[in-house]
Amino acid sequence: MSKLLIGLMLVCISVSDSAWAAGSDELWEITNKMEMEGMPFAMPGQTSKVCMQKGKQNDPAQALPKDKEQNCKMSDVKMSGNKTSWKMSCSGKDPMTGEGEMISSSSSYSGKVKMHSADGDMNMRYEGKRIGSCDYAKDGPEAKFTAMKNDMDAKSEQERVKECKNAVDDDSYSHFFKPDCSWAKDASSKKVCANMACPDFRPQMCDRIAKKLSLGDDGYEEIANNKDAVKLAKECGPSYEKSTRAYCNRQLQAKNYGKLAAHCDKESKPLFDKNCAGRDYTAAMDSAYGPICRRYGKWKNAPADEGEQSDNGGSSAGSNPAKSILDGAKNLKGLFGF
Amino acid sequence: MRWWFLICCGCLSVIATATAAPLPFQVQASAYLVEVDHRIRWQHQINQRLAPASLTKLMTVLLLSEHYDSRQTVTISAAAARETGSRLGLRAGEVMRVEDLLAASLINSANDACHALADHIAGDQSRFVRLMNQRAREWGLQNTHFTNACGHDDVQHYSSVQDMTTLAHKVMAQPALLELMARRTLQIGNADGTRHFDLTNKNALIGRHEGAVGMKSGYTPKAGKCLVALVQRAGVTILLVMLHDTNRWWDAADILDFAYAQSHHD
């Protein structure tokens, strides 16, 4: 309803009193007053200037919202002398119906429109008087509406650019991927969603990542510890893979097994195979290779580890999760005696 | 009607057994249960009666905590000094503080210290065992029966993962016990200070597995390798109870890491 109102107001009310271009069309001063049923007080009347095509002051189509999303149509237009009446309906996002009438002369008009929507009924009274000339193509409601939309789009883009610059400065890596806009159903939501991303700022972010990667271990780890950063770094080019190899070689030389375990699978795996697999847990974990030994999770056939008592090792009762299902089946079989 | 009711109950029981969620990877334990933040996540054969080995000592220390006075001393009996398996090497007639016997029982899983505590609480082990079984019944441990205080194998000495989990929860409510179980090493001595004992925690996860804060391990030939492990990491509490494993520490580390990782997907 509110969008529809804005649409109507845009038709009936000029949003600014900017200079009017001289032309062959007519500049009108319009005063309108809205009343909504159920509201304890009437909204104050508003006066504004509107540029109309010559002789169109008594065309009820002027009262239709110009927003295409509202899909408004006029019907049952009747003209009798200086009186015009009509019906209107909008089937867009905020559906409504209405009827209106006006009395007009070449220099003035007055009328009323009644609208019915899911939010209730609304009455609008309006009157106008011709006060000069203007250029409709430049100053008409459609032109102003388009100009306002363009202005809003420009402001929105400015905001997005500002956000994206901040995202680069703040290392907000997730901004640089195409957003999932499956939630957005209509055009405006899709646009809002699309504006949440900064794919066009990827070059700047890639440059920033490249600089971090050139800063040595700290810079590499800052990237490597962030999943989005790694994904983006890989998409930025081959420098991440190169940096990984250089970083891992440095850790291998320095025997930094914790860092190797965290970031260097290629170097860790052979060390795991050589120093961890099959070893006693305490011996493996107490060795320098402890972090690498934990990296690869479980393995089979590890030798017996220490026990609390000095007896021989216990017999294996290796279990299989599927065994419980088999046990269950056996129980069932026994229960029914087959 | 009654017959049908029994059949229905049987079916439900069988279905429950068949659909209980085991871990999605192979572990060597005959029975296990994993709780994450007090919610059971994976389990396998939790009511199977198995030898609990030194996990028995959880009941022993819980009974001690009912009458705990750290200032008291205990004179080691000949029976306690004769204990086998893991032991401190206490001598008959030697005087020990109760708090040191408790530490040795929990950290070192020392059977002589454990036996001495049983003597201290009930007069001798056989009377203490009656007390253990009485508590087991009171606490609803339906698949548990003890024949000794410290966990030696015996046909009539058994428990289940489910019942051990109940005991573990009771231990978790005793901060003093948890504090001892979290110690990697500790030095204790006899009452007159003539001998010292260096205790090293038999729970290999302590100090090696991130967030491992205690509980108890156990081993006998019949019981295999048993473990109750408590891990508190980044606000997540994981309790693992496993009986009769052959690859205990690696299995435990894998299960605990897996449980922690999974807790972030919930």
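Taking first residues from the stretch A:246-275 that are aromatic (Phe, Trp, Tyr) and partners that are outside any helix (DSSP H, G or I), the Cβ contacts under 7 Å between residues at least 6 apart in sequence or on separate chains come to A:257/A:288; A:257/A:289; A:272/A:296.
It is to be established whether one or more residues within the stretch A:146-153 are assigned by TED's automatic domain parsing to the domain that holds residue A:230 and farther than 29 Å from residue A:61 by Cα. Looking through the stretch A:146-153, none of the residues is assigned by TED's automatic domain parsing to the domain that holds residue A:230 and farther than 29 Å from residue A:61 by Cα.
Of everything in the stretch A:179-211 that's modelled with pLDDT of 90 or more and either in contact with a His (Cβ under 9 Å, 6 or more places away or on another chain) or more than 18 Å from residue A:223 (Cβ to Cβ) (or both), which residue is surrounded by the fewest Cβ atoms within 10 Å (Cβ to Cβ)? Walk me through it before giving the result.
At the first step, the residues of the stretch A:179-211 found to be modelled with pLDDT of 90 or more are A:201-211.
Still in the list and also either in contact with a His (Cβ under 9 Å, 6 or more places away or on another chain) or more than 18 Å from residue A:223 (Cβ to Cβ) (or both): A:201, A:205.
Working: A:201: 18, A:205: 23.
Going through the qualifying residues, I end up with A:201.
Screening residue B:236 on (1) surrounded by fewer than 21 Cβ atoms within 10 Å (Cβ to Cβ); (2) of a type in the set (Val, Ile, Thr); (3) in contact with a strand residue (DSSP E or B) (Cβ under 6 Å, 6 or more places away or on another chain); (4) touching a residue at least 60 places away in the same chain (Cβ under 8 Å) shows it passes everything except condition (3). The criterion of at least 1 residues that are within 30 Å of residue B:205 (Cα to Cα), away from chain B (no Cβ under 14 Å) and at pLDDT 55 or above is met, among helices (runs of 4 or more DSSP H) falling completely within the stretch A:218-336, by A:239-254, A:257-263, A:265-275.
Residues are listed down the side, and each one gets a yes or a no for (1) within 14 Å of chain A (Cβ to nearest Cβ); (2) at pLDDT 95 or above:
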| residue | (1), (2) |
| --- | --- |
| B:173 | no, yes |
| B:178 | no, yes |
| B:185 | yes, yes |
| B:191 | no, yes |
| B:211 | yes, yes |
| B:241 | no, yes |
| B:253 | yes, no |
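The helices (runs of 4 or more DSSP H) located wholly in the stretch B:110-187 that include 3 or more residues which are among the aliphatic types (A, V, I, L, M) and free of Cβ contacts under 8 Å to residues at least 60 places away in the same chain occupy B:111-122. Selection of the stretch A:114-138 for residues being touching a Leu at 6+ places or on another chain (Cβ under 8 Å) and over 11 Å from residue A:36 (Cβ atoms) yields A:130, A:131, A:132, A:133, A:134. Among the residues making up the stretch B:76-109, those that are of a type outside the set (Gly, Ala, Ser) and not in a loop (DSSP other than H, G, I, E, B) are B:95, B:96, B:97, B:98, B:99, B:100, B:101, B:102, B:106, B:107.
Among residues of the stretch B:220-238 being within 15 Å of residue B:160 (Cα to Cα) and not β-branched (Val, Ile, Thr), the one that is nearest to the other protein chains (Cβ to nearest Cβ) is B:224. Only one entry in B:138, B:66 is modelled with pLDDT under 95, under 22 Å from residue B:171 (Cα atoms) and surrounded by fewer than 20 Cβ atoms within 10 Å (Cβ to Cβ), namely B:66.
For the stretch B:69-89, which residues satisfy the criterion of being surrounded by 20 or more Cβ atoms within 10 Å (Cβ to Cβ) and within 14 Å of chain A (Cβ to nearest Cβ)? Result: B:83, B:85, B:86, B:87, B:88.
The values are calculated or read from the model by the stated rules, or taken from the named source; none is laboratory data. Every value quoted in this text rests on a predicted model; they were computed, and no experiment measured them. For neighbour counting, all protein chains shown are included, and Cβ atoms are generated from backbone atoms with ideal geometry for every residue, glycine included.
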